[in-house]
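Working notes for the structure below.
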Amino acid sequence: MLHAGAAPMTDQTTTPSATTLGQAGYIALEDEHAAHNYHPLPVVVASGDGAWVTDVDGRRYLDCLAAYSAVNFGHSNPLLLDAAREQLGRITLTSRAFHNDQLGPFVTALAELAGKDMVLPMNTGAEAVESGIKVARAWGYRVKGVAAGMANIIVAGENFHGRTTTIISFSDDESARKDFGPFTPGFRTVPYGDAAALEAAIDENTVAVLLEPIQGEAGIVVPPADYLPAVREITTRHNVLFIADEIQSGLGRTGATFACDLVGVVPDLYLLGKALGGGIVPVSAVVGNRDVLGVLRPGEHGSTFGGNPLAAAVGLAVVKLLATGEQQERARVLGARLHDGLTGLIGRGVLAVRGAGLWAGIDIDPKLASGRAVCEALLVRGVLAKDTHGSTVRLAPPIVVSEADLDWAVEQLAAVLAELAAA
Ligand SMILES: *Cc1c(COP(=O)(O)O)cnc(C)c1O
C-alpha cells in the first residue's frame, strides 16, 4: 500500500491534465471558480477502487467518509458499474411522460426490501425530504381532515435533512440559515431523544413527525433505545405519520437495512437517498404504503430526472446487493470491530465514541485538538475522514473495507492522537 507521504507512483495512465496541473493547480481552479460553500481537505482525488482512493499524484488514501455513506458499497463497485454501463448503452432518460423498462422492476424491488407498497422516486436526498413533507401535508388535508393551510410537522433539534429553503426553515444550525430567510412555516422543533416533549407538541393539526433514527450530521447521535419505539407508539395513537429520514443511516450503514430495524420500528415513510445511487448517480426515494403515498395524483408532484432508467438500473442493482443481507451483516461485524478499536482510545485524546455498525462519531478532547486538525493529520497518514460540530470526527468507511484496513485506520487515529498529545 502506498500512503500519503510515500513516493508517488509513476502511473502511465495518469491523464495529461493531471500531470500538468498537479494538486495545487486543481485546488487553485476550484478556489477561483467554484463557489466556496465547502471547506475541503487539501487532497485532489482522481480515482477510487473499493475503500481506497488515489489522488492526482498517485498517493492512496483509505476513504473513511464514503461520501457521507453514498459510497456504502465501495468505489467502482463492479456489480453497480456493470448495471450502470449496461444501461448507459441502452437509454438513460425518458422523463416520466413515458414509461421505461427499468422503473417498474426498481420500485417493485425497493418496495419489497422496505416491506412497503409504493415508491416515489426522486434524485437528491433533499428532494426526498421535500417530497415526504408534501405527501404528509396532502395526507393531512385529504385523509386526516386537517383544516386547509393548518398542517404542522414536528422535527428534532440538531436535525440535518438537507439544504433547500424549506428544509433549512426547521434547522437550528445558524450557519445553515443565516441570511437565507424568510422561512417556510409549519414546523415545530422538540429536543431529539425526548418522547414526552414530542408528544406534548402534537395537536390536532399535526400531520407528521420527521426524524433521523440516528442523527448523522449532528455527530452520529444515537437516541435512547426506547425513543423510536415510543415515537412509533405516540404517532400511531395520535394518527400522525412517522417519517424516518434514513438517507444517511439506511441501506446497510448501521448493520441493518434501516437504522429503524435496530430497534424493531417500522415508520410510515422511509426517506432514502445517498447509497441508493451506488455512488454513481443521485437516486432518492420516499417509500411507504398506498394509504399514504397514494394521496398523490397525476400532475401534483414530479421531477424531470426522477425515476430515470439509468438511476433505476443502478438503484435496482443496489437493492439486489442489499436483498441478500450480506452487506448489512458485514457492516454489523466490522462495525463491532471498529467500535472496539475506537473505545480503546477513550482517555487517550478521545472523550466519547457513538454510533452503530460501520458508523462512528468520535469526540476528540477539544483541549487536544479540533476535529479539523485531527482530520488534517489523518490525511497526511493516508486516511480520509471528516469532522463535524467542532471536535467530532466521523468515520464511515465503505462496507467493503477489509478488516486489516479498518484496523490500520484505527492505528492511524491512535498515532495522530499520540502525536498531538506529544506536541
Ligand atoms: C445528506 C442528507 C440529506 C440530504 O441529501 P442530499 O442528497 O445532500 O440533498 C438529508 N437527510 C439526511 C439525514 C442526510 O444525511
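None of the figures in this text is laboratory data; all of them are computed from the coordinates on show. Every value quoted in this text rests on a predicted model; they were computed, and no experiment measured them. In this analysis, Cβ positions are derived from the backbone assuming ideal geometry, glycine residues included, and neighbour counts consider all displayed protein chains.
Below, the figures for the structure above:
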| read-out | value |
| --- | --- |
| DSSP bridge pairs, region 78-323: antiparallel proportion in percent, nearest 5 | 40 percent |
| Cα gyration tensor shape of region 22-111, rounded if a/c is under 1.5, else prolate or oblate by comparing a/b with b/c | prolate |
| At most 15 other Cβ within 10 Å, DSSP loop - trypsin sites (Lys or Arg not before Pro), region 91-183 | Arg163, Lys178 |
| Whole-Hz couplings from phi, Karplus 6.51/-1.76/1.60, listed for region 218-225; x for Gly and Pro | 6, x, 6, 8, 9, x, x, 4 |
| Region 364-402: trypsin sites (Lys or Arg not before Pro) in DSSP loop, at most 10 other beta carbons within 10 Å | Lys367 |
| For Ser391, distant residues with modelled amide H under 5 Å away | Gly371 |
| Computed magnitude of the charge dipole of region 78-323 (debye, nearest 20; Cβ of K, R +1, Cβ of D, E -1) | 700 debye |
| Table column - 3J(HN,Hα) (Hz), region 78-90, Karplus curve with 6.51, -1.76, 1.60, x for Gly and Pro | x, 5, 6, 5, 4, 4, 5, 4, 4, 6, 4, x, 9 |
| Along principal axes, Cα extents of region 78-323, largest first, whole Å | 54, 38, 38 |
| The chain, dipole about Cα centre (Lys/Arg Cβ +1, Asp/Glu Cβ -1), debye to the nearest 20 | 680 debye |
| Given Lys274/Lys320; Lys116/Lys320; Lys178/Lys386; Lys144/Lys320; Lys134/Lys274, the pairs whose alpha carbons are separated by over 25 Å | Lys144/Lys320 |
| Cα→Cβ-extended label distance, 7 Å offset, between Ile91 and Ala225, nm | 5.1 nm |
| Percent antiparallel among DSSP beta bridges (both partners in the chain, rounded to 5) | 60 percent |
| GluC sites (Glu not before Pro) restricted to region 204-275 and DSSP loop, no more than 14 other C-beta within 10 Å | Glu204 |
| Interchain or long-range residues, amide H under 5 Å from Ala156's placed H | Val190 |
| Whole-Hz ³J(HN,Hα) from phi, Karplus 6.51 cos²θ - 1.76 cosθ + 1.60, for region 116-131, glycine and proline x | 10, 8, 9, 10, 10, x, 10, 10, 8, x, 4, 5, 5, 5, 4, 5 |
| Long-range amide H partners of Ser47 with built H, under 5 Å | Thr54 |
